[in-house]
1. Note down all Cβ pairs under 9 Å where the first residue falls in the stretch 236-249 and is under 17 Å from ASP16 (Cα atoms), the second is open to solvent by less than 20 Å² (accessible area, probe 1.4 Å) and charged (D, E, K, R), and they're at least six residues apart or on different chains.
2. Under 6 Å by Cβ, and 6 or more places apart or on different chains, what pairs join a residue from the stretch 109-127 that is closer than 23 Å to LEU335 by Cα and open to solvent by less than 10 Å² (accessible area, probe 1.4 Å) with one that is near ligand 2 (Cβ under 9 Å from one of its atoms) and not β-branched (Val, Ile, Thr)?
3. If you take the residues of the stretch 23-52 that are crowded, with 22+ Cβ neighbours inside 10 Å and modelled with pLDDT under 90, which of them is farthest from LYS91 (Cα to Cα)?
4. Return the residue satisfying two criteria in turn: it lies in the stretch 263-279 and is of a type in the set (Val, Ile, Thr) and within 18 Å of GLN56 (Cα to Cα), and of such residues it is modelled with the lowest pLDDT.
5. For the stretch 246-259, how many residues are open to solvent by less than 20 Å² (accessible area, probe 1.4 Å) and at pLDDT below 90?
6. Tell me which of these ARG176 doesn't satisfy, since it passes every other one: (1) within 16 Å of ligand 1 (Cβ to nearest atom); (2) in a strand (DSSP E or B).
7. Out of the stretch 53-72, which residues are over 20 Å from LYS271 (Cα atoms) and either among the hydroxyl-bearing types (Ser, Thr, Tyr) or open to solvent by 60 Å² or more (accessible area, probe 1.4 Å) (or both)?
8. Return yes when GLY139 is within 11 Å of ligand 1 (Cβ to nearest atom) and open to solvent by 20 Å² or more (accessible area, probe 1.4 Å) and no when it is not.
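The values are calculated or read from the model by the stated rules, or taken from the named source; none is laboratory data. Computed from a prediction, not measured in an experiment: that's the story for all the values here. Heads up, the Cβs are rebuilt from the backbone with ideal geometry, glycines too, and the neighbour counts pull from every protein chain shown. Only protein heavy atoms, including side chains, enter the accessible area calculation; ligands, DNA and RNA are left aside. Shrake-Rupley method; radii C 1.70, N 1.55, O 1.52, S 1.80 Å.
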Amino acid sequence: MDRSLHLRERLGLVIDPELGASIVELGMVGEVEVDETGHARVQVSLTTLGCPLRAQIDRDIREAAKSIDGIESVEVVMGVLEPTAKAALMKKAREIAQRAAPLTTIPLRTPVLMIASGKGGVGKSSVTANLAVALAMTGRTIGVLDADIWGFSLTRLLGIHGDVEARGAKMIPLERNLGSGRIRLLSMGMLAPEDQALLWRGLVVQKAVAQFIQDADWSGIDYLLIDTPPGTGDIAMTLARILPQMGQILVTTPAIAAQRVAVRAADFARKSNIRVIGLVENMSGFECSCGLHHDLFGVGGGSALSGELDVPLLAQIPLDAAISEGSDAGVPFALGEPVSGVFHRLAEVILTDIAPPVGASGCSARLLDALERAVEAAN
Ligand SMILES: Nc1ncnc2c1ncn2[C@@H]1O[C@H](COP(=O)(O)OP(=O)(O)O)[C@@H](O)[C@H]1O
Ligand SMILES: [Mg+2]
């Protein structure tokens, strides 16, 4: 296929985080060109220019372009829609909102972050648990899905135990309040006893993951974090179909082997149209009580990888016995961490830059309110 056509098609999967619909379908994408040197130029018109979500759309477009062979560089030209075009976009957004039968109780505007890695044991679950806590401590409700059927761990890490109950036909996540916020957790481990889970095969697992999203009551969450087993592209693809807004955060360690695996994981994600939105380097260095710093697995890997993949390095988390002790005790490390601590900084980057909450961004909030009123009036 012609590369510019291919890119336009791929841009159809980029979602305006506020309006919850494809930027192509909303009529926001103008000219899309790819020249013979592999340079792509994409024109986009937004409802308004000055807002944090602009950066997100910009990144998503670049990420889309990276998934296409032969595109070497990307230029995104942002403009603002003319009033008449804005009115047309509103009409379109309204139509889409009315037509789209939601696949889940999770609105397209709710950011969904999948924590992934090619390798096991790099700290995906630890990052998921502590990030969830740090986000919840800002007064938000954070949904957490433990999609690691073979090695589920978040019930223990988050200290949330109990049986899943159903209301109507929906599973109700278990909850833990944290200050003015809370975590709502569902784990595949709640469904299958550990010894049986080992017998589950690929397709069954994919169906089960889908059920945990679709047949569960996730209403009221501000973010959804999904912890995954290592290197399972199938689960990622299943989730991406149901949750088109999902982005992936890759966790890696500074070890060269882990870095190479992370490159393959990023490559696979992009080929499957899943956005890679950031990198977390875990176990990067160790401070001993003697005051010395040791780089146990090498140094500089995270930033080199961030450059190679062209995704931001969101955090570098040191190796710290308190992190694993907190996990074992069901008292996540981030609970007692100062606000300047590494997990709270990670949460802050996500809240302000990587996936800002749509409601609070105030970008085209008025537009959105008008849209919701129109949909309500129509129903
Ligand atoms: N930064 C860290 N410092 C100390 N221990 C850690 C750190 N990150 C993870 N661990 C420990 O390493 C092990 C593997 O971490 P885990 O989060 O389960 O990895 P994964 O989910 O990728 O398999 C666990 O015992 C965990 O407590
Ligand atoms: Mg894990």
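1. From the stretch 236-249, the pairs are GLY247/ASP60; GLY247/GLU63.
2. Listed pairs, sorted by first residue: ILE115/LYS124; ILE115/ASP227.
3. Within the stretch 23-52, the match that is farthest from LYS91 (Cα to Cα) is LEU46.
4. ILE274
5. The qualifying residues number 3.
6. Against the list (1) within 16 Å of ligand 1 (Cβ to nearest atom); (2) in a strand (DSSP E or B), ARG176 comes up short only on (1).
7. Hit for the stretch 53-72 is ARG54, nothing else.
8. no
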